[in-house]
Amino acid sequence: MRTQADLRAWRRKQSAQLIFVPTMGGLHQGHAALIRTAASHQATVLVSVFVNPLQFGPAEDFERYPRTLEADCRLAADAGADALWAPSPEVIYPAGAEDCWRLQVPASLQQHLCGQGRPGHFDGVATVVSRLLALVQPTRMLLGEKDWQQLTILRQLVQDLALPVQIEGVPTVRASDGLALSSRNQYLSDEERSRAVALPRVLRAAATTESLASIKAALDQAGLDVEYVERVDPHTLQPCGSEIAISLLAAAVRCGTTRLIDHAFLMTRQPLVAIDGPAGAGKSTVTRAFAEHLGLVYLDTGAMYRSVTWLVQTRGVDPADAAAIEPLLDGLDLQLRSLPGGGQQVLVNGEDVSVAIRSPEVTASVSAVAAHRCVRQALTAQQKAMGAKGGLVAEGRDIGTAVFPDADLKVFLTATVEERARRRALDLEQRGFPVPERTALEEQIAERDRLDSTREEAPLVQADDALELVTDGMSIDAVIQSLVQQFRCRVSEEAWPTPAG
Ligand code: PAF
């Protein structure tokens, strides 16, 4: 399709779910992977091909950029696209590229990496993508992770302008020698190509403790002309060092006249996600499913506090008496085991208490028991030991503040008291427990919030850098989706692939 009318007529005939893959043509196997991923979602897939003049600087390769429309159509069709749209500049910029409206990307997002050497580039990308989205109206847009800064900026654009589309990043596709596929690779001579492979080789070999100067020296030595080598926080794109467990090491080089970019994720441990929030916000259900989706272990710290509460009750100890509780913690053997199919088994001194710890009696006393310093210290130490290597999603009240302050993603998952009371009533009913009056339930929940957030030891507080997610009116799937998206803003698919299935 060429015109806006063609697109409109076609769009009207498609199902509601439309996945959009915007490109500038010169399609290669990296684009094919994007299109195949799109097609795997069982939705209609539209590819666009438009070499956007706004994102090229005056001395850049706009004229020379590969234009291979016929081959692009074949590749897109073979990879599973339903249609391809190649609009003319007049369709995209009716007033002309000079006189069109432009979006301005926030300075912080383009101060580093490619933004420094390509002034106006990301403004051009943001402008064209918003126009394309308005015309295509897709439900989802797929972009390559190779251009991580572009992906980050477009994710932020969609979030800040509340555009009704979801963005999914697709892992970088590499040639067998490691070079990331790019339309610009075809500019390379054979000799340049053999030099270019040093870019991924050096970035991937970089140790988390290595200095940028030594990485730059290694690229120089390989005959590449370095434009920048930077290490940044993958989400904020601000420079960082190894205080950030998962960071982005990115570089742009010239190989002959061709500009190449690539990056690697530096990881001092596996990913760590902290999910905090008040009782009854649906944390357990969501966290369990989220952890499973990403191949991370689910650490239910609430179950650990419930287990101690259960032990206190079965030993006939007063939940308010810290001195009497302390000896129970000595040599306490507390185990959490993931069961196939997503369940979890909780063992206290070898006894399976998975069901017992969910009783209303335990629920009523867990805040009091969890407020004792000795209990918090014992369980926090155990949790930290479990999380030392990462690879966890931990859920609780003080995970992002006291237990894993260095978590890669911190979420404060909450819902209004009314909503939580409604969910609690439903849950009690389904499990065959008596259901109190709704107002009584609301009071209980509000009281538990008060106790949790005013207790002296590790009160329930939202970490400064936690993202608040209020789940009223959201389905469980939508909450999980939202968590996955936030995770993917910080950890690429290439660095931590979503397990199959
Ligand atoms: O990545 C690209 O190919 C382009 O920057 C995009 C997103 C299609 C906008 O022109």
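Values computed for the structure shown
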{"quantity": "E60 being surrounded by fewer than 14 Cβ atoms within 10 Å (Cβ to Cβ), without any contact (Cβ under 8 Å) to a residue 24 or more places away in the chain and farther than 19 Å from L143 by Cβ", "calculated": "no"}
{"quantity": "Every residue from the range 240-276 that is part of a strand (DSSP E or B) and over 19 Å from the mean Cα position of the chain (by Cα)", "calculated": "A251, A252, V253, R254, C255, T258, R259, L260, I261, D262"}
{"quantity": "Breaking point among (1) crowded, with 16+ Cβ neighbours inside 10 Å; (2) within 29 Å of F487 (Cα to Cα), for P436", "calculated": "(2)"}
{"quantity": "Residues that are crowded, with 17+ Cβ neighbours inside 10 Å and within 20 Å of V491 (Cβ to Cβ), drawn from the range 175-209", "calculated": "A180, P200, L203, A206"}
{"quantity": "S189 being hydroxyl-bearing (S, T, Y) and over 30 Å from L103 (Cα atoms)", "calculated": "yes"}
{"quantity": "Some residue of the range 102-109 being modelled with pLDDT of 95 or more, within 11 Å of the ligand (Cβ to nearest atom), in a loop (DSSP other than H, G, I, E, B) and out of contact with any strand residue (DSSP E or B) (no Cβ under 7 Å at 6 or more places or on another chain)", "calculated": "no"}
{"quantity": "Condition check for L181: within 22 Å of T236 (Cβ to Cβ), within 13 Å of the ligand (Cβ to nearest atom) and at pLDDT 95 or above", "calculated": "no"}
{"quantity": "Residue pairs meeting the criteria (Cβ under 6 Å; at least 6 apart or on separate chains; first farther than 13 Å from A364 by Cβ and small (G, A, S), in the range 424-448; second in a loop (DSSP other than H, G, I, E, B) and modelled with pLDDT of 90 or more)", "calculated": "A425/V435"}
{"quantity": "Given (1) over 26 Å from the mean Cα position of the chain (by Cα); (2) buried (at least 17 other Cβ atoms within 10 Å of the Cβ), index of the condition H31 fails", "calculated": "(1)"}
{"quantity": "Inter-residue pairs, beta-carbon under 8 Å, first aromatic (F, W, Y) and in the range 37-54, second part of a helix (DSSP H, G or I) and within 10 Å of the ligand (Cβ to nearest atom), 6+ apart", "calculated": "F50/I92; F50/V128; F50/L132"}
{"quantity": "Selection within the range 288-309 - in contact (Cβ under 8 Å) with a residue 60 or more places away in the chain, closer than 16 Å to Q481 by Cα and over 14 Å from the mean Cα position of the chain (by Cα)", "calculated": "A289"}
{"quantity": "Q186 at pLDDT 95 or above, in a helix (DSSP H, G or I), of a type outside the set (G, A, S) and away from the ligand (no atom under 14 Å from the Cβ)", "calculated": "no"}
{"quantity": "The range 42-90, subset within 15 Å of the ligand (Cβ to nearest atom) and assigned to a helix (DSSP H, G or I), residue farthest from S183 (Cα to Cα)", "calculated": "P89"}
{"quantity": "Helices (runs of 4 or more DSSP H) fully within the range 387-501 counting 3 or more residues that are more than 28 Å from S307 (Cα to Cα)", "calculated": "476-488"}
{"quantity": "Odd one out for A279 among (1) part of a loop (DSSP other than H, G, I, E, B); (2) modelled with pLDDT of 95 or more; (3) surrounded by fewer than 23 Cβ atoms within 10 Å (Cβ to Cβ); (4) not acidic (D, E)", "calculated": "(2)"}
{"quantity": "Qualifying residue in the range 10-18 (condition: within 16 Å of the ligand (Cβ to nearest atom), surrounded by 14 or more Cβ atoms within 10 Å (Cβ to Cβ) and in contact (Cβ under 8 Å) with a residue 24 or more places away in the chain)", "calculated": "no"}
{"quantity": "Total residues in the range 129-151, condition within 11 Å of the ligand (Cβ to nearest atom) and among the small types (G, A, S)", "calculated": "2"}
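So that you can scan it fast, the table gives a plain yes or no per residue for (1) touching a Lys or Arg at 6+ places or on another chain (Cβ under 6 Å); (2) modelled with pLDDT of 95 or more:
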| position | (1), (2) |
| --- | --- |
| V317 | no, yes |
| P327 | no, yes |
| D333 | no, no |
| P360 | no, no |
| G387 | no, no |
| R397 | no, no |
| T401 | no, no |
| D408 | yes, yes |
| L413 | yes, yes |
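Each row is one residue, and each column tells you yes or no for (1) surrounded by fewer than 19 Cβ atoms within 10 Å (Cβ to Cβ); (2) β-branched (V, I, T); (3) more than 28 Å from R373 (Cα to Cα).
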| site | (1), (2), (3) |
| --- | --- |
| A264 | no, no, yes |
| M267 | yes, no, yes |
| A291 | no, no, yes |
| G302 | yes, no, no |
| V312 | no, yes, no |
| A323 | yes, no, no |
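Yes/no matrix, rows are residues, columns are (1) within 11 Å of the ligand (Cβ to nearest atom); (2) assigned to a strand (DSSP E or B); (3) crowded, with 17+ Cβ neighbours inside 10 Å:
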position	(1), (2), (3)
G96	no, no, no
H112	no, no, yes
G115	no, no, yes
P119	no, no, no
G124	yes, no, yes
T127	yes, no, yes
Q156	no, no, yes
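The values are calculated or read from the model by the stated rules, or taken from the named source; none is laboratory data. None of these values were measured; they are calculated from a predicted model. Note: ideal-geometry Cβ built from the backbone for every residue, glycine included; neighbour counts use all protein chains shown.
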